[in-house]
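Before any comments, here is the structure.
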Amino acid sequence: MAFRENVARAVQKMANTNYLPKETDPEYYSFAEWLTDEQADLLCLMELNQPTTADFLYEEFGKSLEDTQRVLKELADLGVIVTANVKGVDIYVMIIIVPGVYEMLVINKDLVEAHPEIARGFDEYTLKHFEDYLPNAPVGAGLMRVIPIEKAISGDTKAIKFDEVSYYIEKNKDHLCVTGCQCRRTRRMSGEGCGHLEDDMCIIMGAAADSIAKAGRGRKITASEAYEILRKAEDDGLVHQITNMEGKGRVFAICNCCPCSCLALRTSLYYNTHNASRSNYLAEVDKEKCTACGECVEYCPTNALKLGQKLCSKTPIEFVPSPSPEDHEWGPEMYNPDFRTNRENVVQTGTSPCKTACPAHIAVQGYIKLASQGRYIEALELIKKNNPFPAVCGRICPHNCESDCTRGDIDEPVAIDEIKKFIADQELNSDYRAIPKKTHAYGKKMAVIGAGPAGLSCAYYLAVDGYNVTVFDKNPVPGGMMTLGIPSFRLEKDVVNAEIGVLKDMGVEFKCGVEVGKDVTIKQLRNEGYKAFYLAIGAQGARRLGVEGEDAKGVLYGIDFLREVNLGNNIRLKGKVVVIGGGIVAIDVARSAVRFKSVENVQMYCLEQPSEMPALPEEIEEAQGEGVVINYGWGPKRILTEDGKVKGVEFKKCISVFDADGKFNPKYDESQTVNVEADRVLVSIGQTIEWGSLLEGLNIELGAGGRVIADSFTYATGEPDIFVGGDVYTGPKYVIDAIAAGKEGAVSMHRSAWEGQSLILGRNKREFKSLDKDNLDKDEIVKGFDNTRRQRITRRSGKEKMFIDSRRTFTEEQMKKETARCLGCGATIIDQNRCIGCGVCTSKCKFDAIHLVHSFDAPEYFFADLDKITEDGKKLRKEKIAARLAKESGK
């Protein structure tokens with residue numbers, strides 16, 4: 001198409017530039033395909049921000065009054081100009097291109113989807129056009145600026161009305177409508193959505209609201225509805241922003257923005273020029289109150305907050321804030337174009353070892369503090385943000401958090417699992433159930449295949465998001481290995497069922513006894529309307545020994561044995577029992593076997609030496625205490641049989657289990673053997689994945705051990721709507737690992753279910769780093785803490801060697817004493833050069849540890865003063881840069 005000068009002239013007026021746009025400029029190509037000549041010609045007669053009428057324009061336009069009215073109405077309907085009826089007269093206004101015309105055009109969903117170049121131009125224009133201006137912008141002088149969450153500044157006596165969101169709502173209470181977010185729509189159309197969806201996000205005010213509602217592209221709302229939208233946005237951790245540069249409180253929109261899609265926030269984040277977006281406030285952290293729970297860090301839109309340490313070090317740690325354009329030269333080397341993927345949770349020097357070590361990165365320090373204050377429900381809610389099964393994990397977790405606990409370097413680690421168990425049991429032992437509030441009402445159907453910890457975790461977080469979730473499992477009961485693999489003396493089934501009951505109360509549907517692939521296929525489920533699938537069937541098959549005699553009568557696989565025991569089926573076990581294996585499942589098998597009254601003795605034979613055993617030390621100790629004899633360094637050579645029945649096992653000496661690279665590669669001395677009598681042999685050397693026909697016809701690739709090959713971050717497979725997690729991806733691991741994977745699976749499923757959403761953009765990688773414990777000044781640290789010893793659990797007498805968990809929960813007194821032992825290693829660190837004063841952090845803190853402080857007195861700005869603002873900013877920057885350089889040089 002030939003260059004259209006009238007379109008370029010019209011756009012030049014809207015953009016208020018001193019140059020005529022070229023064909024390749026976004027402000028030109030966004031309009032050139034669809035703006036008619038008469039529309040462009042009429043726009044050239046209008047003045048920016050100056051109200052006008054058809055009566056005033058029609059003569060110069062050279063058309064009749066009726067035609068002029070028609071073209072003005074067309075432009076208003078498109079969203080190029082805004083209109084209002086004042087005392088019976090239709091008034092029309094040309095508004096600034098950003099924020100203004102572009103947003104109005106993108107609100108027009110039919111137009112922008114017919115002409116995606118509008119969205120592309122909006123994206124390109126907002127990124128490139130302000131590059132030179134932004135480093136010089138003073139506080140709050142962006143074309144949009146942050147306005148704080150009002151309750152975060154409610155105690156500020158210096159607060160001014162245009163820092164309060166209610167001022168704008170009340171001023172425009174009769175002229176409000178809500179529309180979809182234009183930035184999110186733009187991102188969606190380019191396939192760069194972040195999972196934050198576009199509907200009912202932006203509150204339009206004044207004449208623009210009336211114009212949009214009249215055109216049918218927005219929904220009229222009351223002030224009460226507007227406040228509810230704002231409250232919901234705050235719950236979701238979104239940032240309030242207002243259109244800027246009109247002065248006198250003239251704002252046409254309050255937007256509820258996420259940093260991963262908002263094009264206005266992007267200008268600050270991409271160029272690292274936070275002043276432009278900043279409110280008159282900055283956040284400050286009270287490190288003494290802070291527990292490094294990480295809630296504020298997770299929601300901070302600019303990554304100004306990161307987790308650090310609170311404990312004193314031998315070599316002092318100094319946090320250096322990021323450079324600011326206020327006193328530095330600024331160019332591409334200072335930009336952060338990958339801000340949507342390179343977010344960091346922790347400062348370089350690290351944070352609390354407990355949160356870092358936990359596979360789900362639960363806020364350990366945070367829930368311990370809440371428990372110490374008697375705030376048990378809040379502690380439970382905090383745990384469930386990353387682990388919906390705290391009662392289960394309080395009983396069976398390998399507690400990496402305790403293994404890395406700083407207190408363990410002083411005397412003994414804090415009994416974190418026991419504290420968690422106490423918190424969870426407050427719910428189990430009361431009528432109250434912590435049913436989470438649904439954050440959305442998405443309503444789409446989601447299928448989870450496998451009712452083990454990964455699948456149930458995924459289902460939980462999908463249900464929180466308001467999806468209709470169905471969990472399919474071929475077993476007769478849900479729970480996977482929690483129900484069928486872990487014996488009741490470690491995890492009683494009423495505990496598992498109670499936490500699964502929460503999912504049922506949330507509306508999750510369970511279809512047990514249904515094997516997907518056999519009874520119903522994924523193709524059929526797709527036809528039934530399921531939008532995404534999570535495959536988490538676990539590793540429920542037994543690994544074979546591959547030795548002579550393995551098929552003899554009397555040989556049983558440990559995982560099958562545990563399943564029958566947990567289902568209450570009749571199993572005959574007597575005489576001498578040999579358990580082959582050294583992992584935690586083998587320990588469970590041996591401890592279960594020793595509980596059969598007709599069993600004479602139970603001996604375990606494993607390849608490993610004590611320090612190499614994969615089973616946990618406390619589980620080994622308990623097994624030995626119950627009479628299980630463990631024989632180290634032996635591997636099975638063959639099963640000894642007589643008339644097809646087990647008679648014993650011949651073992652050979654294992655001289656090494658791992659090679660120099662730490663890989664499993666056992667070596668044997670075949671000359672050393674031993675024959676062991678056995679009436680039953682229980683084999684527990686590992687598990688396999690039994691896919692059946694589930695994957696038939698699907699583009700899903702399997703790797704070693706039958707594990708699915710998938711993306712390590714998103715768990716995406718070769719099928720765009722299928723994700724995996726738990727043992728089918730990692731191989732057999734612990735429940736807490738599966739729980740962590742389930743939550744990430746839910747995030748991916750949500751994003752995949754909606755058009756144009758990326759699986760990675762704006763997504764927290766949840767990477768954490770532990771502080772350097774060798775650098776801690778432990779002598780100084782212990783001065784502030786008592787030397788109370790670690791609390792010990794007691795046991796219910798008479799329950800030993802029964803299928804009942806004899807371990808008691810801490811008393812409240814024990815819990816209080818144990819929580820007092822926590823050293824409080826971590827705290828949030830704030831980089832105030834990146835803070836934009838939104839107040840989102842304050843709304844997430846349970847400890848009153850972070851507040852907004854009135855730090856600036858930026859005025860309202862006027863678009864007409866933009867050139868002067870730029871020049872004044874350049875002059876001030878030059879002075880500050882010179883002052884910094886002089887200081888650094890010692891002059």
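Regarding region 449-472, can at least one residue be identified that is assigned to a strand (DSSP E or B) and touching a residue at least 60 places away in the same chain (Cβ under 8 Å)?
Checked region 449-472: at least one residue is assigned to a strand (DSSP E or B) and touching a residue at least 60 places away in the same chain (Cβ under 8 Å).
Residues being open to solvent by less than 70 Å² (accessible area, probe 1.4 Å), under 25 Å from Glu246 (Cβ atoms) and not small (Gly, Ala, Ser): count how many of those fall in region 1-27.
Residues meeting the conditions: 9.
Inspect all residues belonging to region 513-523 and state whether any of them is at negative phi, in contact with a helix residue (DSSP H, G or I) (Cβ under 8 Å, 6 or more places away or on another chain) and open to solvent by less than 30 Å² (accessible area, probe 1.4 Å). Please lay out each step first, then the result.
Residues of region 513-523 at negative phi: 514-516, 518-523.
Add one more test, that the residue is in contact with a helix residue (DSSP H, G or I) (Cβ under 8 Å, 6 or more places away or on another chain), and what stays is 516.
Filter once more, so that each one left must be open to solvent by less than 30 Å² (accessible area, probe 1.4 Å): 516.
Within region 513-523 (the criterion being at negative phi, in contact with a helix residue (DSSP H, G or I) (Cβ under 8 Å, 6 or more places away or on another chain) and open to solvent by less than 30 Å² (accessible area, probe 1.4 Å)), the answer is yes, since at least one residue qualifies.
If I filter region 295-316 down to residues being in a loop (DSSP other than H, G, I, E, B) and in contact with a Ser or Thr (Cβ under 8 Å, 6 or more places away or on another chain), which single residue comes out as farthest from Val840 (Cα to Cα)?
Looking at the filtered set, the residue picked out is Leu311.
Filtering region 189-215 down to residues that are out of contact with any Lys or Arg (no Cβ under 8 Å at 6 or more places or on another chain), under 17 Å from Val101 (Cβ atoms) and among the small types (Gly, Ala, Ser), which residue is surrounded by the fewest Cβ atoms within 10 Å (Cβ to Cβ)?
Per the criteria, the residue is Ala215.
Is there any pair linking a residue in region 188-215 that is of a type in the set (Ser, Thr, Tyr) to one that is open to solvent by less than 40 Å² (accessible area, probe 1.4 Å), with Cβ under 8 Å and at least six apart or on different chains, and which?
The qualifying pairs are Ser190/Ala119; Ser190/Asp123; Ser190/Gly756; Ser211/Ala76; Ser211/Val82; Ser211/Thr83; Ser211/Ala84.
Scan region 836-864 for residues that are over 20 Å from Lys161 (Cα atoms) and open to solvent by 70 Å² or more (accessible area, probe 1.4 Å) and report the count.
2
Select from region 250-308 the residues that are at positive phi and surrounded by fewer than 24 Cβ atoms within 10 Å (Cβ to Cβ) and list them in ascending order.
Asn272, Asn303
Which condition breaks for Tyr227 when tested against (1) more than 20 Å from Ile107 (Cβ to Cβ); (2) buried (at least 19 other Cβ atoms within 10 Å of the Cβ)?
Going through the list (1) more than 20 Å from Ile107 (Cβ to Cβ); (2) buried (at least 19 other Cβ atoms within 10 Å of the Cβ), Tyr227 breaks only (2).
Quick one: how many residues across region 144-162 are touching a strand residue (DSSP E or B) at 6+ places or on another chain (Cβ under 8 Å) and either free of Cβ contacts under 8 Å to residues at least 40 places away in the same chain or farther than 24 Å from Ala213 by Cα (or both)?
Of the residues in that region, 10 qualify.
Counting residues that are touching a Leu at 6+ places or on another chain (Cβ under 8 Å) and of a type in the set (Val, Ile, Thr), which strands (runs of 3 or more DSSP E) fully inside region 157-250 reach at least 2?
Answer list for region 157-250: 202-205, 239-243.
I need the full set of residues from region 771-815 which are open to solvent by 60 Å² or more (accessible area, probe 1.4 Å), in a loop (DSSP other than H, G, I, E, B) and under 30 Å from Thr483 (Cα atoms), in order please.
Arg792, Thr794, Arg796, Ser797, Lys799, Glu800, Lys801, Met802, Phe803, Arg808, Thr811
Can you confirm whether Val676 is closer than 13 Å to Val547 by Cβ, part of a strand (DSSP E or B), in contact (Cβ under 8 Å) with a residue 60 or more places away in the chain and not hydroxyl-bearing (Ser, Thr, Tyr)?
no
For Gln540, work out the one condition from (1) closer than 29 Å to Pro720 by Cα; (2) crowded, with 17+ Cβ neighbours inside 10 Å; (3) at pLDDT 95 or above it doesn't fulfil.
Among (1) closer than 29 Å to Pro720 by Cα; (2) crowded, with 17+ Cβ neighbours inside 10 Å; (3) at pLDDT 95 or above, Gln540 violates only (3).
Can you pull out the residues in region 393-420 that are open to solvent by less than 10 Å² (accessible area, probe 1.4 Å), small (Gly, Ala, Ser) and either touching a residue at least 40 places away in the same chain (Cβ under 8 Å) or part of a loop (DSSP other than H, G, I, E, B) (or both)?
Within region 393-420, just Ala415 meets the criteria.
Filter region 694-709 for residues that are touching a Ser or Thr at 6+ places or on another chain (Cβ under 9 Å) and outside any loop (DSSP other than H, G, I, E, B); which is nearest to Arg543 (Cα to Cα)?
By that ranking, first place goes to Gly705.
Would you point out which residue out of Gly583, Gly568 is open to solvent by 50 Å² or more (accessible area, probe 1.4 Å) and farther than 25 Å from Tyr461 by Cβ?
Gly568
Kindly list, by first and then second residue, each pair from a residue in region 373-392 that is at pLDDT 95 or above and assigned to a helix (DSSP H, G or I) to a residue that is open to solvent by less than 10 Å² (accessible area, probe 1.4 Å) and among the aromatic types (Phe, Trp, Tyr), limited to pairs with Cβ atoms under 6 Å and residues at least 6 apart or on different chains.
Hits for this filter: Ala379/Tyr367; Leu382/Tyr367; Ile383/Tyr367.
What about Ser592, is it without any contact (Cβ under 8 Å) to a residue 60 or more places away in the chain, polar (S, T, N, Q) and outside any loop (DSSP other than H, G, I, E, B)?
no
Sort through Asp659, Asp711, Asp721 and tell me the only one that's within 20 Å of the chain's Cα centre (by Cα) and either open to solvent by 50 Å² or more (accessible area, probe 1.4 Å) or within 30 Å of Val599 (Cβ to Cβ) (or both).
When all the criteria are applied, what remains is Asp711.
Can you tell me which residue among Gly507, Gly529, Gly546 is surrounded by fewer than 16 Cβ atoms within 10 Å (Cβ to Cβ) and out of contact with any strand residue (DSSP E or B) (no Cβ under 9 Å at 6 or more places or on another chain)? Break it down into steps so the answer makes sense when it comes.
Numbers: Gly507 fails: out of contact with any strand residue (DSSP E or B) (no Cβ under 9 Å at 6 or more places or on another chain); Gly529 fails: out of contact with any strand residue (DSSP E or B) (no Cβ under 9 Å at 6 or more places or on another chain).
Unique residue meeting the criteria: Gly546.
Please pick out the residue among Val547, Val594 that is under 19 Å from Lys637 (Cα atoms) and among the β-branched types (Val, Ile, Thr). Working first, answer last.
Details: Val594 fails: under 19 Å from Lys637 (Cα atoms).
Just a single option satisfies the conditions, and that option is Val547.
Quick one: Thr186 ticks every box in (1) under 27 Å from the mean Cα position of the chain (by Cα); (2) more than 27 Å from Val80 (Cβ to Cβ); (3) among the polar types (S, T, N, Q); (4) open to solvent by less than 20 Å² (accessible area, probe 1.4 Å) except a single one, so which number is it?
Unmet for Thr186, out of (1) under 27 Å from the mean Cα position of the chain (by Cα); (2) more than 27 Å from Val80 (Cβ to Cβ); (3) among the polar types (S, T, N, Q); (4) open to solvent by less than 20 Å² (accessible area, probe 1.4 Å): (2).
When region 716-763 is examined, which residues are found to be assigned to a helix (DSSP H, G or I), over 24 Å from Gly394 (Cα atoms) and of a type in the set (Lys, Arg)?
Hit for region 716-763 is Arg751, nothing else.
Please indicate, with yes or no, whether at least one residue in region 421-428 is open to solvent by 40 Å² or more (accessible area, probe 1.4 Å), in contact (Cβ under 8 Å) with a residue 24 or more places away in the chain and aromatic (Phe, Trp, Tyr).
no
Need pairs with beta-carbon distance below 8 Å; first residue more than 30 Å from Asp123 (Cβ to Cβ) and within region 337-350, second among the aromatic types (Phe, Trp, Tyr) and open to solvent by less than 70 Å² (accessible area, probe 1.4 Å); sequence gap 6+ or separate chains.
Short answer, once both residue conditions are applied: Val346/Phe768.
Among Asp90, Asp67, Asp77, Asp41, which is surrounded by 14 or more Cβ atoms within 10 Å (Cβ to Cβ), within 19 Å of Ile118 (Cβ to Cβ) and either under 45 Å from the mean Cα position of the chain (by Cα) or not β-branched (Val, Ile, Thr) (or both)?
Residue meeting the stated conditions: Asp77.
The values are calculated or read from the model by the stated rules, or taken from the named source; none is laboratory data. Remember, predicted model here, so these are calculated numbers, not experimental data. Virtual Cβ from ideal backbone geometry, glycine too; neighbours counted across all protein chains shown. Protein only, heavy atoms only, side chains kept; ligands, DNA and RNA dropped before computing areas. Shrake-Rupley method; radii C 1.70, N 1.55, O 1.52, S 1.80 Å.
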